Amino acid sequence: MSRERIISGEIISPEEESFILSLRPKLLNEYIGQKGLKEKLRVSIAAAKMRKEACEHILFYGPPGLGKTTLAHVIANEMSSRLVATSGPSLSRTGDLMGILTNLGEGDILFIDEIHRLSPAIEEFIYPAMEDFKVDFVVDKGAFAKVINIPLKRFTLIGATTRAGLLSPPLRDRFGLYYHIDFYPPEELREIISRSAQLLNVKISPEAAEEISRRARGTPRVANRLLRRVRDFASVKGNGDVDIAMAQKALEAEGIDSIGLDGLDRKFLKVIIDYYKGGPVGIEALGATLNEEIDTLVDVVEPFLLKIGFLQRTKRGRMVSNDACKHLGINLNLEDQPSLFEE
Ligand code: ADE
């Protein structure tokens, strides 16, 4: 991320990480929302426990901040297993992964965040580990090269990715369970905010919780972050209690509008409208015009705009919708634009 952004689904600082950790549900029945997913996980966990086996390998995919890491911890707690966490970009050498894998105990969980960013060499290395619980380690070079076969304990790999499309098909196929985590509806976010407020000893009115939930762009991490900003605002400007007026003022001060869009979202949409007549425009051109990393735009900005129908992704590029123009108070005749469906 090029700068701090309160409604980004991504974690901003170590300090925030500990704040998030303190609010993280530990067990499935504390976890709010994702009902269908929870049911499937309950069955898999119960079956694995009954057979006294490790759970199947699980892949979670979806935008940042929706609970992929939290769910990995919840599964570990439910299975009474140890969880070892790492991430795709930090696993650069097979030796590092080898160390992690050979130290895993029976039933342990290896969580790999951003698994789409594993290098091809590491991916190759991980296939036999996932499939046959062994690793092939090559020692020496040339004529003296030997493959040593090292058996592993039966572990569960939980992978998380924001973009399942970037995962190589052989890796994707090695996951027994494959779950998409979707944005949360405001009712569920309201519940999450009320639960967090209780844990933080913050008095919040139901209307204020609802207001925050409407502006949290479907993302629990954003909801908790906004709650924290609103709480701070209420402590400084009032007696610490959060009512609707306090919530609204705090969120306005943060530049978050009535439906949860922030400055970067609005700038993103406005660039498409002002510079590219509403689109279609390629993501590279948008990245260059906005001076933002393409990954940030694709992983963090676009998913929610797509979800609420403000943006459309076509073969020829991104286009804004009439609803987006209306929300921004811009009059743009999109009827003149090429049809989205002609290709
Ligand atoms: N905190 C973050 N996500 C949550 C969830 N889904 N349920 C409860 N608390 C949460």
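The values are calculated or read from the model by the stated rules, or taken from the named source; none is laboratory data. Remember, predicted model here, so these are calculated numbers, not experimental data. So basically every Cβ, Gly included, is an ideal-geometry build from the backbone, and we count neighbours across all protein chains shown. SASA here: full protein model, heavy atoms, side chains in, ligands and nucleic acids out. Shrake-Rupley method; radii C 1.70, N 1.55, O 1.52, S 1.80 Å.
Quick notes on this structure:
- In the stretch 142-163, the residues that are of a type in the set (Val, Ile, Thr) and free of Cβ contacts under 8 Å to residues at least 40 places away in the same chain: Val147, Ile148
- Conditions (1) in contact with a strand residue (DSSP E or B) (Cβ under 9 Å, 6 or more places away or on another chain); (2) of a type in the set (A, V, I, L, M, F, W, C); (3) open to solvent by less than 70 Å² (accessible area, probe 1.4 Å); number of the one not met by Val147: (3)
- Considering the stretch 122-136, the residues that are within 15 Å of Phe175 (Cα to Cα) and without any contact (Cβ under 8 Å) to a residue 24 or more places away in the chain include one that is most open to solvent (accessible area, probe 1.4 Å), namely Glu124.
- Considering (1) away from the ligand (no atom under 12 Å from the Cβ); (2) free of Cβ contacts under 8 Å to residues at least 60 places away in the same chain; (3) open to solvent by 60 Å² or more (accessible area, probe 1.4 Å), the lone condition that Lys35 does not fulfil carries the number (1).
- Residue check for Gly107: over 18 Å from Leu167 (Cβ atoms) and within 16 Å of the ligand (Cβ to nearest atom): no
- Single residue of the stretch 1-20 satisfying the filter (open to solvent by 60 Å² or more (accessible area, probe 1.4 Å) and modelled with pLDDT of 80 or more) that is farthest from the chain's Cα centre (by Cα): Glu15
- Filtered residues of the stretch 194-219 (kept if within 15 Å of the ligand (Cβ to nearest atom), of a type outside the set (A, V, I, L, M) and open to solvent by less than 20 Å² (accessible area, probe 1.4 Å)): Ser196, Ser213, Arg217, Gly218, Thr219
- Of the residues in the stretch 269-282, not one is open to solvent by less than 30 Å² (accessible area, probe 1.4 Å), under 25 Å from the mean Cα position of the chain (by Cα), assigned by TED's automatic domain parsing to the domain that holds Glu191 and under 25 Å from Ile212 (Cβ atoms).
- Total residues in the stretch 38-63, condition surrounded by 14 or more Cβ atoms within 10 Å (Cβ to Cβ), within 16 Å of the ligand (Cβ to nearest atom) and not basic (Lys, Arg): 4
- In the set (1) free of Cβ contacts under 8 Å to residues at least 40 places away in the same chain; (2) on the phi > 0 side of the Ramachandran plot, Val139 fails one condition alone, (2).
- Complete set of residues in the stretch 191-223 that are among the hydrophobic types (A, V, I, L, M, F, W, C), over 16 Å from the mean Cα position of the chain (by Cα) and under 21 Å from Gly9 (Cβ atoms): Ile192, Ile193, Ala197, Leu199, Leu200, Ala209, Ile212
- When Leu91, Leu104 are screened for being farther than 26 Å from Leu27 by Cα and open to solvent by less than 50 Å² (accessible area, probe 1.4 Å), only Leu91 passes.
- Taking (1) over 20 Å from Arg24 (Cβ atoms); (2) among the hydroxyl-bearing types (Ser, Thr, Tyr); (3) touching a residue at least 40 places away in the same chain (Cβ under 8 Å) in turn, Ser205 satisfies each apart from (3).
- All of Lys68, Lys40 fail the test of being closer than 25 Å to Ile122 by Cβ and in contact (Cβ under 8 Å) with a residue 60 or more places away in the chain, apart from Lys68.
- Enumeration of residues in the stretch 220-245 that are over 18 Å from Gly260 (Cβ atoms) and open to solvent by less than 10 Å² (accessible area, probe 1.4 Å): Ala234
- Selection within the stretch 235-249 - among the hydrophobic types (A, V, I, L, M, F, W, C) and in contact (Cβ under 8 Å) with a residue 24 or more places away in the chain: Val242, Ile244, Met246, Ala247
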